[in-house]
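Report on the following structure.
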Amino acid sequence: MRAVVLHGPGDVRVDEVDGPTLLEPGDAIVEVTATAICGADLFPYHGLTPGFEPGTVLGHEFVGIVREVGPAVERILPGQRVVNGSMTRDGTCAYCRLGLPTQCEGRSLFGYSGVYPRLDGGQAELVRIPRADLVLEPLPDSVSDEAGVFVADILPTGWGAVVRGGVEAGDTVCVVGCGPVGLMAILAAVHHGARVLAVDGIETRRALAASLGAEALDPEQAADGVAQATGGLGADVVIEAAGSQEALDAALRLARGRGTVSVVGAHFEPDYPLDNLHMFEHELTLRFTIGDPTNDRVRLLELLAAGAIDPAAIVTHRLPLADAAEAYRLFDAREATKVVLTP
Ligand SMILES: [Zn+2]
């Protein structure tokens, strides 16, 4: 089968590799019909993921058709259209029993190795799914493959930023960073009835943010724009979706007193100089969140099926799997905002 394989930093190729087989009784094999590239794929792409194994098949956002299931699979059936959860879970550890699968002690991330036990991903024709009954979710007929792909990771991530940020109708929310995750947070905040301001340095991303219902600002305008929109108070909730120290610094200063800064940008720096004086004086709440498809996808699929939200509006490039190397170049260069690949 053809699969997108990372050979080394910046070296993505579409290789002919052995197709996956059932290894455990709870496994399934899915034939991928659409898959996407995510910002989290760019860390190994840049050689920033310690211990990442060359030869790993990439991709943690995919939909497809179930082709085979193991003897222990009950809920998921051959022939079903399904979407994956970007991370697997064991369903048995203390965190899973608490209903917190993003902290599962046995989790892996599709398309990753090194930081998690290796699990080949879905930027391929076929993919093996461990614990299929826990990891896969059937797609309603009225949800397209392109929209369904968003339920694997970034839509739950944007949704989680809004819900765990405590956003309420009528709030003023400022989203810092309008990459795919930030755009999903805008979609979710607008759906929650908030007024949304969005900050990004790239014009095309500001235009996409505006098309989803936000008032777009470039970083230089952010402080004044938020002050004007809030009578000088600051935003009720600031969502940091860029994953950089600069963005987090800016987010902390755009929130009102007793406001909340909800972080879904992927941060890996261990030594961030938090301005405690500012945090204390403004009584800020700082909250980090990892997207939780397991707990949020049923609700999100209902909203997609009802046409209440349309994440596919941010897809800028649709390419065959064979063009994956170019797709990574475009996405990395931010010439593409969201790329969907079809095998
Ligand atoms: Zn667990």
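The values are calculated or read from the model by the stated rules, or taken from the named source; none is laboratory data. This structure is a prediction, so every number in the text was calculated from the model and none was measured. Cβ placement follows ideal geometry from the backbone for every residue including glycine, while neighbour counts extend to all protein chains displayed. All accessible areas refer to the heavy atoms of the entire protein, side chains included, with ligands and DNA or RNA removed. Shrake-Rupley method; radii C 1.70, N 1.55, O 1.52, S 1.80 Å.
Structural remarks
- Solvent-free Debye scattering, log10 I(q)/I(0), computed from the Cα coordinates of the chain at q = 0.06, 0.10 Å⁻¹: -0.20, -0.57
- The residues of the chain expose on average 41 square angstrom of accessible surface per residue, using a 1.4 Å probe on protein heavy atoms.
- Once Rg and the Kirkwood radius are both taken over the C-alpha atoms of the stretch 155-288, their ratio Rg/Rh works out to 0.93.
- For the stretch 228-259, the residues whose amide N sits under 16 Å from a probe point set 7 Å from the Cα of residue 285 along the beta carbon direction are 235-240, 252, 255-259.
- The Cα center of the stretch 219-266 and the Cα center of the stretch 152-178 differ in position by 13 Å.
- Residue 295/residue 168 FRET efficiency (R0 22 Å; Cβ-Cβ; nearest 0.05): 0.65
- Here the spin labels are modelled as points 7 Å beyond Cα on the Cα-Cβ line, and at residue 100 and residue 67 they lie 3.8 nm apart.
- Per residue, the chain reaches -7500 deg cm²/dmol at 222 nm when only DSSP H runs of four or more residues are counted, each adding -39500 (n - 2.57).
- Peptides 327-337, 9-19 ranked from most to least packed by the mean count of surrounding Cβ atoms within 10 Å: 327-337, 9-19.
- The label point for residue 277 and the one for residue 18, both projected 7 Å from the Cα toward the Cβ, are 6.2 nm apart.
- For residue 225, the shell of other residues with beta-carbons less than 11 Å away shows a net charge of -4, using +1 for Lys and Arg and -1 for Asp and Glu.
- Computed lengthening from residue 92 to residue 246, 0.36 nm per intervening residue step minus Cα-Cα distance: 51.6 nm
- The per residue volume of the convex hull around the alpha-carbon atoms of the stretch 146-215 is 74 Å³.
- Quarter of the Cα convex hull surface for the stretch 249-343, i.e. its orientation-mean projected area (nm²): 9.4 nm²
- With every protein chain in place, the chain: carbon and sulfur % of accessible area (1.4 Å): 51 percent
- For the stretch 77-166, the fraction of alpha-carbon pairs lying more than 21 Å apart is 36 percent, rounded to a whole number.
- Neighbourhood charge, 15 Å Cβ-Cβ cut-off, centred on residue 316 and excluding it, Lys, Arg +1 and Asp, Glu -1: -2
- Computed extension length for residue 11-residue 313: 105.8 nm, one decimal, from 0.36 nm per residue of separation with the Cα-Cα distance subtracted.
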